[in-house]
4 protein chains.
Amino acid sequence: MIRVAVVGAAGFIGGELLRLLIGHPEVEVTAAVSSRFAGKRVDGVHPNLRSATDLLFCSVDDVDEYDAVFLATPHGAAMTQIDRWIGHTKQVIDLTGDFRLDDTEVFQRYYGTRHAAPHLLGEFVPGIPELHRERLRGADLISVPGCMAVAGVLSLHPIRDLIGPDVRLDARTGSSGSGATAGEGNLHAFRSGAMRVFAPTAHRHEAEIARHVGVRVTMTATGVEAVRGVQTICHVTPKPGVDGKEVRRAYRERYRDEPFVRLVAQQRGLYRYPEPKILSGSNFCDVGFAFDEDTGRLTTIAALDNLVKGGAGNAVQCLNIRMGWPETLGLSFPGLHPA
Amino acid sequence: MIRVAVVGAAGFIGGELLRLLIGHPEVEVTAAVSSRFAGKRVDGVHPNLRSATDLLFCSVDDVDEYDAVFLATPHGAAMTQIDRWIGHTKQVIDLTGDFRLDDTEVFQRYYGTRHAAPHLLGEFVPGIPELHRERLRGADLISVPGCMAVAGVLSLHPIRDLIGPDVRLDARTGSSGSGATAGEGNLHAFRSGAMRVFAPTAHRHEAEIARHVGVRVTMTATGVEAVRGVQTICHVTPKPGVDGKEVRRAYRERYRDEPFVRLVAQQRGLYRYPEPKILSGSNFCDVGFAFDEDTGRLTTIAALDNLVKGGAGNAVQCLNIRMGWPETLGLSFPGLHPA
Amino acid sequence: MIRVAVVGAAGFIGGELLRLLIGHPEVEVTAAVSSRFAGKRVDGVHPNLRSATDLLFCSVDDVDEYDAVFLATPHGAAMTQIDRWIGHTKQVIDLTGDFRLDDTEVFQRYYGTRHAAPHLLGEFVPGIPELHRERLRGADLISVPGCMAVAGVLSLHPIRDLIGPDVRLDARTGSSGSGATAGEGNLHAFRSGAMRVFAPTAHRHEAEIARHVGVRVTMTATGVEAVRGVQTICHVTPKPGVDGKEVRRAYRERYRDEPFVRLVAQQRGLYRYPEPKILSGSNFCDVGFAFDEDTGRLTTIAALDNLVKGGAGNAVQCLNIRMGWPETLGLSFPGLHPA
Amino acid sequence: MIRVAVVGAAGFIGGELLRLLIGHPEVEVTAAVSSRFAGKRVDGVHPNLRSATDLLFCSVDDVDEYDAVFLATPHGAAMTQIDRWIGHTKQVIDLTGDFRLDDTEVFQRYYGTRHAAPHLLGEFVPGIPELHRERLRGADLISVPGCMAVAGVLSLHPIRDLIGPDVRLDARTGSSGSGATAGEGNLHAFRSGAMRVFAPTAHRHEAEIARHVGVRVTMTATGVEAVRGVQTICHVTPKPGVDGKEVRRAYRERYRDEPFVRLVAQQRGLYRYPEPKILSGSNFCDVGFAFDEDTGRLTTIAALDNLVKGGAGNAVQCLNIRMGWPETLGLSFPGLHPA
């Protein structure tokens, strides 16, 4: 049993971390940090945890004993307070955007601010088990990537040598991606049933995909009706001579042994391409593709739950790897159908 | 052509008034009052009005010439500022809760505050054409009832002599009923797909129904997934000897000539009971019922668009009556199916 | 490890049984019976089970070895084929409506057909752990109640001595309750965002509630926008002298030690009354109430996932009790928030 | 007043034609043809038309007097029965896919069948007022384009000289696009909240866009949660030297006088890009774009109601042009907000 603290525990990612960590057999949650809710019951904010925990939120100064800390604070807070955490724990798993890029210039372009701890940018191991499993085993600092970035990376990385360098990525996301703070943008009457193009170009996650896959990505992000769920569509151009079989083989070989990536390759049926709807609560990222032999164009599709494989679940998977535990520990929920 | 001002024009009811009044052949909208948005384009807030109007919002002090004013402000603002309006216009149509009850004590119980203009309570004619058409023809002060109250009143009034005095009313409502101000309560991630019992007892609208129908009403209100739409289910006990035919006849006779109340009385089909979904944007209130001959229990059902027949449309219908225009003028949109 | 067969495994309840039983540490699923899909992969119909199982559907004649059978067939099929199952297994858990009532006359009134095995009606123990835990320990024949019946029973049973004999029950349900067979009634364009009163009176589940609670129930059922989820609102009249504290005490004492019933009794917050939205996939039934001291009326509210506590999860809980296993085995998923 | 017949009147496009034509001041609907519902009331199938019409559906043989016919039958029926209609009326407006392409080979590739009336392919004027207004004034045969094609064409045509020849088009659509016939694909439990990639490549509408704009289009179509609404995202590459201003000017000049195309070009706000949600029931197509000066990539966005500007409304607009009536006659509904 290790003791963990969750900072930013009242948010959506924080709540999902609590759900997974409270149900994790090797973990004890010793602190759920929320300055706003300090002293209040955790299940008052996260009602799905009623009868699962009697924990109270605490303030950051009340955290004393823990072996690992998960940072689920707003972007910017992690990099300014990182010294506090590094000095007091063996293990920092950051779920903010602060340490996802390794280039200060790119960071500044996408986040619009200077990085507050540039010397640490290279120290964080990207929390992508499928790409960095070995490095994660010894990592004390882990940076979990953005939700749409995970989907994009996992759908492009296996085929990066088979395609041209330009990728047009179309991402759709549910409303939980914009967080638990109420505002006009996530007012139900406006957001319900929407197809809201909120980032036609230059979404932050495109920089992560470019970093990890080594392609040029132009990304459009649209909010559609869903609470959870991200889907990415990548429009790519295969290299001459590449056919559908080769693409399939590349995915299959790459993900055969991955516990949380599934190649969806049915010939027919409503679910023959990745669909976020059936992944809510699960840690799977489903990937698939369509190869148009006539036009020689390739479309790849990926889906995941933005709060799980796109956040808290991925973080727990990283912890499992880091600790040498079975990688699926505490992450066995398969998702619901219908849902 | 008369000139009208809409106060509280940036809200949901205000926007719906603008949609209807801009499309109304006898009306010119001379002022759309919003302190928050004064100087901004109306279609910036209400994007459905793009290309329909170039109007700018103005502040309350900019309103000079108008023949009628619609008050769609937050509850409480109308009664404190009523003198300003009465002195400057022939016609006040109030869509707030301020003048819906005629008893200061009942008002205080339901609104939790003292009435600021008790002397005017009796002066406002209730904006229910089906009950008060004659009085409305000469009314300078009109108070449009609450959305759920309209549904409840129209489904109970025709049969009030056929039923016992106790009514249990179950109301369901879309999210637009809680207004355009963002808050935790209407955050999409929480409100989407909800069945939220927000008023298990003592909803304000029950007092209006009691007033107009002369029954004791105990009301439960639940927010369900929809942006627009209200449905009321009334559980009533018919008097001895009353049967289904008599109930049907009472509705039929009462609403035969009403332009905006339809008795829905099909034997089968998905739409054999009133369904708000097909009423969005329309001024209809559909009413229906089921009589269980075995148990002698009667259930009445009503549906409407809370922003139209439950608000702005009802107000325009009252204006039409007051001005002697055809009652359906500007209110001809029939609703969509499917939708 | 026991071996179990699921009959009707391609339906929604069947799929949910498979999800729970495949994840259950003491159970091996040896047969997933579906005449329509025999020979096809289970995860082709239930895509959430991809990578969880390689099972194929089989026809009913292929089932040979099993210790328990779950019947999730259409209503009517269980009672006509019951002999086949009783002769070949120790344990029958029926999730259809066939053995939910113990009175052939009441059965005929609500199901519109004669009972095919009336001699067995009294043999089935109702699958309601909260009422019949002791009997379930030795039960070879178990009949799991209807989804809305579970919610109604659990919200009324603890207070049945505190209330008058007449209950008006308002039930709302998601679309999965109408099953996996496509028809006009569950066409997305018609069902989406609906408030469809599909049973204004005489829903079958009211007979079950009456049986188990000993009250007269008049029930109205409405389909609202959700895939999973049932909520019941009971309008009841407390006996003279009964107050809110007594009601609360009755619930608290009754459910203090129940693993899957939670009394929701917060003073404030969006989730202060039971909300199905946060229960998807979980086996909880949340119950709550509001007591209007002014009018002396009592409203009780209950919520659950119709496919879990209202079906498959309840069935697994019964199996756990029958086998002497921990009652929560395989049922630990707490539900998601937000969702 | 002209007399019109609607064939395929029980479908979604047929119903929308009826709604618009019944409300049209210059049109009398003399026949609503549906073989399945012949003899039944129109408002039994289209409940939004209650109190708007007493029309009964008729069979095709009952149609005798009419000046114009609208064909809203399943694809394939129009081309095989076209002689019947041409011989008996002055005006045929076809809303099926049968006469949308002018090349039999392309037709066969996309529709998988031989064309039954190839000699007429060149006779039909495309029902796109913005491209073919003059030809429509004298057109006796009009073919209304596919819903996603309209959006794609209107967002690409004004800038076709400013961009490279390759377009990646990402289309999202509501469930009404798949029609009124129930099937597994539009079962609510599966379709609700979905992000279903149903055509990753080679959707039929891409051929229409290619035809009208003169570009190569590779299209991906996804069903998202909505009943009505289509949105297209086009990823295009501007020619060297083209900047955002030039793009804006091209749209502005082109659509300045169009009654039903709006350039949405706000700097901020939730609705700064085209959003189908606010267009339900209206005949507008909103277009917009984002030009990423850093990467030199251009993204265009268009939105419309698939049943109106993407079908019935567009057809009525064509009729208005053909008859010399004001182009907006019967098409004035502006859409709702919020909705």
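The values are calculated or read from the model by the stated rules, or taken from the named source; none is laboratory data. Note that the structure is predicted; figures quoted are calculated from it, not measured. All Cβ positions, glycine included, derive from the backbone under ideal geometry; neighbour counts span all protein chains shown. Ligands, DNA and RNA are excluded from the accessible area calculation, which covers all protein heavy atoms including side chains. Shrake-Rupley method; radii C 1.70, N 1.55, O 1.52, S 1.80 Å.
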Value at 222 nm in deg cm²/dmol, rounded to 500, when DSSP H runs of n ≥ 4 in the protein assembly as shown each add -39,500 (n - 2.57):
-7500 deg cm²/dmol
Partner shielding of D:227-233, taken as the mean number of other chain Cβ atoms within 10 Å, equals 5
Highest GNM mean-square fluctuation, chain D, Cα pairs closer than 10 Å: which of D:HIS75, D:HIS157, D:HIS205?
D:HIS75
Just name one of D:ILE301, D:GLY193, D:GLN267: the one whose Cα is farthest towards the positive end of the charge dipole of region D:148-304 (beta-carbon charges, Lys/Arg +1, Asp/Glu -1).
D:GLN267
List, in order, the whole-Hz ³J(HN,Hα) value for each residue of region C:99-115 obtained from phi through the Karplus relation with A = 6.51, B = -1.76, C = 1.60 and θ = phi - 60°; use x for Gly and Pro.
10, 7, 10, 10, 10, 4, 5, 4, 4, 4, 5, 8, 9, x, 8, 6, 6
What distance in nm separates the two pseudo spin-label positions at D:ILE86 and A:ALA38, each 7 Å out from Cα along the beta-carbon direction?
8.2
For the rotation taking chain C to chain A, which residue of C has the Cβ nearest the axis, and how many Å away is it?
C:PHE333, 3
Going residue by residue through region D:317-330, the Karplus relation 6.51 cos²θ - 1.76 cosθ + 1.60 with θ = phi - 60° gives ³J(HN,Hα) values, rounded to whole Hz and with x marking Gly or Pro, of 4, 4, 4, 4, 5, 4, 8, x, 7, x, 5, 8, 4, x
How much accessible area per residue does the protein assembly as shown have, in Å², with a 1.4 Å probe?
34
Given +1 on the Cβ of Lys and Arg, -1 on the Cβ of Asp and Glu, and no further charges, what dipole in debye does the protein assembly as shown carry about its Cα centre, rounded to the nearest 20?
0
With all protein chains in place and a 1.4 Å probe, B:TRP325 shows an accessible area in Å² (nearest 10) of 40
Apply the Karplus curve 6.51 cos²θ - 1.76 cosθ + 1.60, θ = phi - 60°, to the phi angles in region C:242-259 and return the couplings in whole Hz, x for Gly and Pro.
6, 10, x, 4, 5, 4, 4, 4, 4, 5, 4, 5, 5, 10, 3, 9, 6, x
Under the Kirkwood approximation for Rh and a Cα-based Rg, what ratio Rg/Rh is obtained for region A:2-123?
1.00
Taking R0 as 45 Å and r as the Cβ-Cβ distance between D:ASP243 and B:ARG114, the FRET efficiency 1/(1 + (r/R0)^6), rounded to the nearest 0.05, comes to 0.15
Helix axis angle, C:204-213 relative to chain C longest principal axis, alpha carbon, degrees:
60
Along its three principal axes, how long is region D:148-304 when you only count alpha carbons? Whole Å, largest extent first please.
50, 30, 28
If you count, for every residue in D:199-209, the Cβ atoms of partner chains within 10 Å of its Cβ, what is the mean?
3
Treating only the Cβ of Lys, Arg, Asp and Glu as charged (+1, +1, -1, -1), what charge dipole size does chain A show about its Cα centre? Round to the nearest 20 debye.
740
Share antiparallel - DSSP beta bridges, the protein assembly as shown, percent rounded to 5
45
Output row, site B:ASP67, 7 Å Cα→C-beta label point, backbone N cut-off 18 Å, window region B:24-43, residues B:24-32
If I model chain D as equal point scatterers sitting on the Cα atoms and use the Debye formula, what is log10 I(q)/I(0) at q = 0.09, 0.11, 0.13 Å⁻¹?
-0.46, -0.69, -0.98
Taking every DSSP beta bridge that has both residues in region A:148-304, what percent is antiparallel when rounded to the nearest 5?
70
Determine the shape class of region C:113-181: with a ≥ b ≥ c the square roots of the Cα gyration tensor eigenvalues, call it rounded for a/c under 1.5, and otherwise prolate if a/b is greater than b/c, oblate otherwise.
oblate
Contact-by-burial set, region A:267-289, min loss 40 Å², accessible area of protein heavy atoms with 1.4 Å probe, reference chain alone, gives A:LEU270, A:TYR271, A:TYR273, A:GLU275, A:LYS277
Take peptides B:129-137, B:22-30, B:114-122 and line them up by average Cβ neighbours within 10 Å, highest first, as a rough protection proxy.
B:22-30, B:129-137, B:114-122
For chain A, the charge dipole (Cβ of Lys, Arg +1; Cβ of Asp, Glu -1; about the Cα centre) points to a positive end, and the Cα of A:GLY15, A:VAL153, A:PHE124 closest to that extreme belongs to A:VAL153
The long-range amide H neighbours of A:ASP94, using H built 1.01 Å from N in the peptide plane and a cut-off of under 5 Å, are A:LEU71, A:ILE142, A:SER143, A:VAL144
Using the crude model of +1 on Lys and Arg Cβ and -1 on Asp and Glu Cβ, and no other charge, please compute the dipole size for region A:148-304 relative to its Cα centre, in debye to 20.
160
Rg and Dmax of region B:42-113, using alpha carbons, in Å: what are they?
15.3, 47
Reach of C:LYS277 by Cα under 18 Å, taken over aspartates and glutamates that are not fewer than 8 positions away in the same chain
A:GLU16, A:ASP43, A:GLU225, A:ASP305, B:GLU184, B:GLU225, C:GLU16, C:ASP170, C:GLU225, C:ASP286, C:ASP305, D:GLU225
Calculate the length of the line joining the C-alpha centroid of region A:217-253 to that of region B:87-111, in whole Å.
58
Quick one: check the C-alpha center-to-center distance for region A:274-322 versus region D:172-214, whole angstrom.
22
Please report the buried accessible area for the interface of A with D, total over both chains, probe 1.4 Å, in Å² to the nearest 100.
4100
When all Cα-Cα pair distances of region A:215-339 are considered, the percent exceeding 24 Å is 34
When the expected Rg is taken as 2.2 N^0.38 Å, what fraction or multiple of it is the alpha-carbon Rg of the protein assembly as shown?
0.91
For region C:142-239, divide the Cα radius of gyration by the Kirkwood radius and give the resulting Rg/Rh value with two decimals.
1.02
Could you look at region B:148-304 and say what percent of its accessible area is carbon and sulfur, using a 1.4 Å probe and all protein chains?
44
Accessible-area composition of region A:2-123, carbon plus sulfur, in percent [1.4 Å probe]
45
Residues whose built amide H sits under 5 Å from the amide H of D:ALA339, excluding neighbours closer than 5 in sequence, are none
Express the relative contact order of region C:2-123 as a whole percentage, based on alpha carbon pairs under 8 Å and six or more residues apart in sequence.
23
What is the antiparallel percent of DSSP beta bridges lying wholly in region A:2-123, to the nearest 5?
5
